[in-house]
1. Please verify whether the stretch 628-642 includes one or more residues that are of a type in the set (Phe, Trp, Tyr), buried (at least 19 other Cβ atoms within 10 Å of the Cβ) and in the same structural domain as THR572 (by TED's automatic domain parsing).
2. Exactly one condition in (1) surrounded by fewer than 24 Cβ atoms within 10 Å (Cβ to Cβ); (2) not in a strand (DSSP E or B) is false for GLN402; which is it?
3. I want to confirm something. Restricting to the stretch 364-389 and keeping residues that are over 26 Å from PHE518 (Cβ atoms) and touching a residue at least 40 places away in the same chain (Cβ under 8 Å), which single residue is farthest from the chain's Cα centre (by Cα)?
4. Restricting attention to the stretch 200-209, report how many residues are under 13 Å from GLY242 (Cβ atoms) and either part of a loop (DSSP other than H, G, I, E, B) or touching a Gly at 6+ places or on another chain (Cβ under 8 Å) (or both).
5. Which of the residues that make up the stretch 546-555 are modelled with pLDDT under 95 and in a strand (DSSP E or B)?
6. Filter the stretch 13-48 for residues that are polar (S, T, N, Q) and not in a helix (DSSP H, G or I); which is surrounded by the fewest Cβ atoms within 10 Å (Cβ to Cβ)?
7. Quick check on this structure: which one of SER552, SER558, SER495 is over 27 Å from ALA366 (Cβ atoms) and not acidic (Asp, Glu)?
8. Looking at the structure I just gave you, is ALA266 loosely packed, with under 15 Cβ neighbours inside 10 Å, over 18 Å from the mean Cα position of the chain (by Cα) and closer than 17 Å to PHE207 by Cβ?
Amino acid sequence: MNKVITDGLVLMPPAFADGLDVWSSGDGTPGSDTYAGSGTGVFVPADQDFGGCIEISKTNSVQKLRYMGATPIVPGCYLRVSARVKAVGGALPDVRIAGFPLWPDGSVLGGVTKAGPETTLTNYGEVVEISAIIGTGPRGGVDMVWSKAGTAHIGLDLTGPNGGLVRVDDIRIEDVTRAFLRDMMGVVDVRDYGAVGDGVTDDRDAFEAADLDADGREVLVSAGTYFLGNNVTIQNQIRFEGTVTMAAEHRLVFQKNFDFATYADAFGNEELAFKKAFQALLNFSDHESLDLCGRRINLSEPVDAFAAVVNKPAFEVRRVIRNGQLQPDPGAAWDTEVVTSQASYSIANGRTLTNVGNAASIPVGALVTGNGVGREVYVKAVDVPGQEVTLSSSLYDAEGTQDFTFTRFKYLLDFTGFERLSALELEDIDFHCKGLASSMILAPDGHSIRVRDCQFNKPKDRAITSPGKGCTGLDIFGCIFNSNEQSLPLTERTSLCFNINHNDATVRNNRAARFRHFGLLGGNGNLVTGNHWFMGDDESQGVRQAGIVLTSHNSVSSITANYCDNSFIEITNEHDAHPDAQNEYTFGGLTITGNIFVCSDVAPWFSWIVVKPYGQDHSIQGLAVTGNVFRTYSGNIDRVEHIDTTYADMDFNTMRNITFSGNVFNGVNEQVRNPYSDIHNQQTEDSVWIVDTGTFLPFGGWTRTIESIEPVQAITNSSGQPVFHQPYIDPVNGANTHEFRVIWPEPVKGRIRFCVRMDNPA
C-alpha cells in the first residue's frame, strides 16, 4: 500500500534547486529563519556527487534543516526519510534525520521523539546516506512514533563540533507502509494509531481512532496487552492477536462481531470474557442475544451477574444467552454457606423476620428452615440496620422467636444482586454442574424469564431457584434435568429442579429423573403440561415423594398431559401465615387432565393425588381429575388419592365442584369416581333401604348429594304387587358417612340405579 498512489498525498519536499526560501534553519514553522537569508547555507548548483545541493556551515550546537511545508502524518502510514550527505571541510559533525511534529490543529506535539539515530561523518568527500522511519505506531524499526500528529516539518540535524562544512543532497520522503503492515487493504492495526500494548498505557484513544478510520475494514489488535481506561465501542469487525484489560465498571462493546468467541479472544480468560460479554449485552441496544458459540466456559466461582454489569440494578428489556456450556472448576467457592440466627416471626407481617441476630451474615437467596417453615422458603431481601429479613413466602406455624437456619447454595449463574430482572432468556445452555454447584438463581423481583431447551446436569442442590417474585411468568420449556442423586434412595435425596413462588408460570415439555421433587409451585395461574418426571428408586416398597407440590391451596392451575412416574401431586397450604380456613378461597381451582400416572414396587397406601391441609376447616372447592391413566407395576395400590391428615383433616360437609371421571385404573383396588353411579339390590322388603357406596367416593367423601335414583326392575311390596311411590332420600348416613337412606311409604324390595356425589356441585 502506498498513500502517495492511493490517496494522492504529497510527501516529497521540493529540490534545493527550487530555492532555499522554503528551507528553515529553525523548526520549519511559518516565520522561522530560512537558508535563503541566513548566510549559513548556500545552494551549490554543481557537485560531482549530488548535482544541485545545499552546503551548510555548522555554527550551532544543533544545526537544523527543516522543510517549511507541512508533511502529512497519516495513521497507518509509515514514512522513510533519507538524505545523502558528505563533509567537505572543517570539523566532522554527526548527522541525523529530524522533524518538528504538530497536532492536527497546528499546535506543537510534545512528549515524542523528534530525531532519528545519529551517524558520524568520518572522512571528507565520503557520501553517507542517513535515514529514519516516522510512523504512528510503535512498530519495530520505527524511529519516531508520532501517533497523534497531524503534520510535521521534516529535515535533518547536524550535531557535534561546530565549524564544519556539509553538503546535503535533496531530502527524500517515501511511503514504506508495505514493509510494516500485512494486508493493509483489509486491516487497520491499533498500533498504527498509537496503541502501546504494555498493559499500563491507556490505549483507549488508539482503539477508537483505529475504529473510526477503519471504515468497514477489520480492526486488528496485534500481540500485546492493551489497557483500556474507559468504555470502548468498536463499530467495525475486530480481531485479536493480543488481549485487553480494563476495570470492571468499564464496558467493551463489539457491534459487528458480538459473540462470546470474540470476548474470549479479547480478554484471554473465558470466565472474565463471559462477564464482560454479559455486561455489554445489558448495556447496548443493538444486540438482543449473546451467542456462546458452543463453547464450554469453566467457572472458578459463581457468576455474580449484577457485579458484572455494575450499573443496572433493574433491567427489563428482552435479552438472550444461548448455545454454550457452563461448568464449575473444583474449589472452595462452591461450598454451601450455613448461618444460624435467632429471629422473631408474626403472622401480622407474614413475610418478614424481625429482630434478626447477625443480619449482616445472612445472604439474599438463602434457603430458610426452622419450626413451622414450609419447603422452599428463601431470603428475598435483608435490611441489616433494621435487623429484618424479607421472605419469599409466609410461614405456616412459626409465631414467636426461634433459631432459623439460612442455607446459601452456590449457583453457576447468580442474579440475586439485581433488584429486578425481567425478560431474560436462556436457550440451549448446558449447566454441567458436576455435583459441585447448583445451576441458576433468579433475581428477587421481575417477570417473564424463559429457560428453554437447556440441560441441567447433576446440580448439587437446585437447578432453578427463585428467592422472591422474579419467577412471575417463568417459562421452563423443553429442558432436561439429570439428578446428581440418582443412586440414592428417594428418602435421602435433597435436590429439586425448580421452585416458583408467584403467578403465571408455565412448565412445558421437560424431562426430569430422580430428584427429590420435580418442582414446587406457589401462586396462581400455573400451567404444567407435557412433562416427564421420574422420581423412583430401587428400594423394595420404597417411600415416594411429591413430584409436583402446589403450595397455593387454591392455585387456579392446570396439570395436563404429563407422565408422572413414582411420585405424586401434593396440594398444600404450607406457605400460608393463616393455615386455618379464613374468609378466603379454600383448596381447589385445579384441573388434572390427560396425564399418565405410573408407579412400581410401592406400598399399597401410596397415592398419586395427595391433599395436605396445614390448618383446620378447609374443604375442596373446584377440582377436576379427568381422562387420566393410573397404572401400577409389581402389586396393587388401594386408591389414587387421599388426604394427608398430619396437621388437619378436611371439612367434608362443604366440599364443592369435585369431578373424578373418565379415568382409567389398572392395579388400583378402589376406583374412585365423582359422581359415583352403581346398582343397589334390595332383596327383602323394607321401607328404609340402606345404600352403602363403600370407598368409591374421592378422599373418602360423604354421600352428600344424590343426583338420581331410578328403578331397574319393578319395585314390589310384600304382596308382590308393583308400587309406584316416589321415595325420598336421606343423605350422609352410617358411621363412616358413606351411606344414604332411601325411604319408601311401605316396605318394598327391588333394584335401583343411583348416582351420588361427595360434594355439592352447585
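The values are calculated or read from the model by the stated rules, or taken from the named source; none is laboratory data. This structure is a prediction, so every number in the text was calculated from the model and none was measured. No Cβ is skipped: glycine too gets one built from the backbone with ideal geometry, and neighbour counts run over all protein chains shown.
1. yes
2. Going through the list (1) surrounded by fewer than 24 Cβ atoms within 10 Å (Cβ to Cβ); (2) not in a strand (DSSP E or B), GLN402 breaks only (2).
3. So the residue we want is VAL389.
4. Number of matching residues: 2.
5. ASN554, SER555 - these are the residues of the stretch 546-555 that are modelled with pLDDT under 95 and in a strand (DSSP E or B).
6. Among those residues, the one meeting the criterion is GLN48.
7. That would be SER558, the only listed residue that is over 27 Å from ALA366 (Cβ atoms) and not acidic (Asp, Glu).
8. No; evaluated as a whole, the condition is false for this residue.
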